[in-house]
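Undergrad: Questions regarding the structure given below will be posed in turn.
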Amino acid sequence: MRLFALIKKEFLAIKNDRRSMFVVIVPPLLQILIFAFSVTLEVRNVNLAIFNQDSSQHSKELITSLESAKFVKEINMVYSLEEGKKLITNQDVMAFLIIPKNYALGKESLGIILDGRHSNSAQIINGYIEQSILPNDLVSLRSFYNPNLDNFWWIVPNLACSIVMIMAIVLTALSIAREKEIGTFDQILVSPLTPFEVLVGKLVAPLFIATFLSIIVTAISYYLFKIPIVGNLLLLYFGMAVFIFSICSVGLFISCVSSTQQQAILWAFVFLLPSIMLSGFATPIANMPSWLQPVSDFVPLTYHIKFVKGIFLKDISPVQSLSYLLPMFAFGVAFFLISLAVFKKSVLK
């Protein structure tokens, strides 16, 4: 009964703190709507320069193929190497394609000059151009799990996982720190509640709120961005709860070692930024240095992104999901126990 009283108190504390409620609920919902359109590794509206030294029908078909490509905005025909290089230098074009005289005869290969100041975009454009110049009868492309290569299908689940993580850790990190800042922490220490009960009470409210908001984010992903959920919906929600538990446990630890809410927020972001960068959110973990890749195994977000995409796009089974759920749960239990040890130490002071 006393534990339920503490849980009720936490819900009321979050509800009555209107600023915190606004920060926790409104921005995340806006972020998934805005970031889904702004965060993309796709390259579109590219200006190209082409120096065509071959007047054959083959070169004309190549230019026509590039003109109809989705990533191309405008093609600038130039008549010298210097003219094309100047367009690259002035950032008027991202790529300069040189068609040699004997291109149609197969004696010379195409030349592609890219703007290396935008290295990532340059590599992507190079891939686009290479795909465009390959004969259609020699290549048959098909993409599993995202047949149309829809950008929303990969970025929205990533954003949903990251936004839920931010909500969960901020809510929990502020809980004990708020008590310390307003001077009610001593009242908790002299209450009949055990340290374990106090931490459980502080954990439950953020866990429920973050899980509820994650359901809203999932609904936005499905109904607004048309991302299919081919897997088990109940398994998805269970996995979300496990992930949120692991993140809330980190938030509890941060709250235990913080004296003010400002400190808690700062420590939360110390955890959040590396988690997002190391989780494979934007770039594949395989692209990281070999010495850095094992670090991602200690980031709950790494497992949750794979789990969510597995449910959304691949219909993974409960047995397959254990490889993602168990590490997240173990991470949460470990940090909860660490938080309990830190909290007990503060009680004994």
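Laboratory data are not the source of any read-out in this text; all were calculated from the coordinates shown. Quantities reported herein were computed from a predicted structural model and do not represent experimental measurements. Glycine also receives a Cβ, built like all others from the backbone with ideal geometry; neighbour counts cover every protein chain displayed.
Undergrad: Would you please state which residues of region 235-257 a label at ASP297 would reach in this model, taking the label point 7 Å out along Cα→Cβ and a backbone N cut-off of under 18 Å?
TA: Label zone hits: none.
Undergrad: Sticking with this structure for a sec: Would you mind getting the Kirkwood hydrodynamic radius of region 46-138 from its Cα pairs, rounded to one decimal in Å? Before the final figure, lay out each step's value.
TA: On the way: mean 1/r = 0.0751 Å⁻¹.
Result for region 46-138 stands at 13.3 Å.
Undergrad: Hey, what does the equivalent ellipsoid look like for region 149-200, semi-axes from the Cα gyration tensor as sqrt of 5 times each eigenvalue, largest first, whole Å? Can you show the working numbers first?
TA: On the way: eigenvalues 292, 27, 3 Å².
For region 149-200, the semi-axes come out at 38, 12, 4 Å.
Undergrad: Largest first and in whole Å, give the semi-axes of region 292-349's equivalent ellipsoid, each being the square root of 5 times a Cα gyration tensor eigenvalue.
TA: Details: eigenvalues 194, 33, 13 Å².
After diagonalising the Cα gyration tensor, the semi-axes are 31, 13, 8 Å.
Undergrad: Something else: Using Cα positions and a limit of under 28 Å, work out the lysines in reach of LYS8, with same-chain residues fewer than 8 apart set aside.
TA: Cα-Cα hits under 28 Å: LYS180, LYS202, LYS344, LYS345, LYS349.
Undergrad: Among bridges DSSP assigns within region 46-138, what percent are antiparallel (round to 5)?
TA: Working: 4 of 15 bridges.
The antiparallel fraction comes to roughly 25 percent.
Undergrad: While we're looking at this one, here's another question. For SER65 and TYR145, what is the calculated FRET efficiency with R₀ set at 35 Å and r taken between the beta-carbons, to the nearest 0.05? Let's see the in-between values first.
TA: Working: r = 27 Å, r/R0 = 0.78.
Given R0 = 35 Å and the Cβ-Cβ separation, E is 0.80.
Undergrad: For THR89 and LEU233, calculate 0.36 nm times their separation in residues minus their Cα-Cα distance, and state this gained length in nm to one decimal. If you can, show how the numbers build up before the last one.
TA: On the way: separation 144, 0.36 × 144 = 51.84 nm, distance 5.16 nm.
Fully extending the segment from THR89 to LEU233 adds 46.7 nm.
Undergrad: With the alpha-carbon atoms as the only input, what is the per residue convex hull volume for the chain in Å³? Please list the in-between numbers first.
TA: On the way: hull volume 60.2 nm³, N = 349.
Looking at the chain, the number lands at 173 Å³ per residue.
Undergrad: With all pairs of different alpha carbon atoms counted, what Kirkwood hydrodynamic radius in Å does region 190-284 show? Let's see the in-between values first.
TA: Working: mean 1/r = 0.0641 Å⁻¹.
Taking the inverse mean of 1/r over all distinct Cα pairs, region 190-284 comes out at 15.6 Å.
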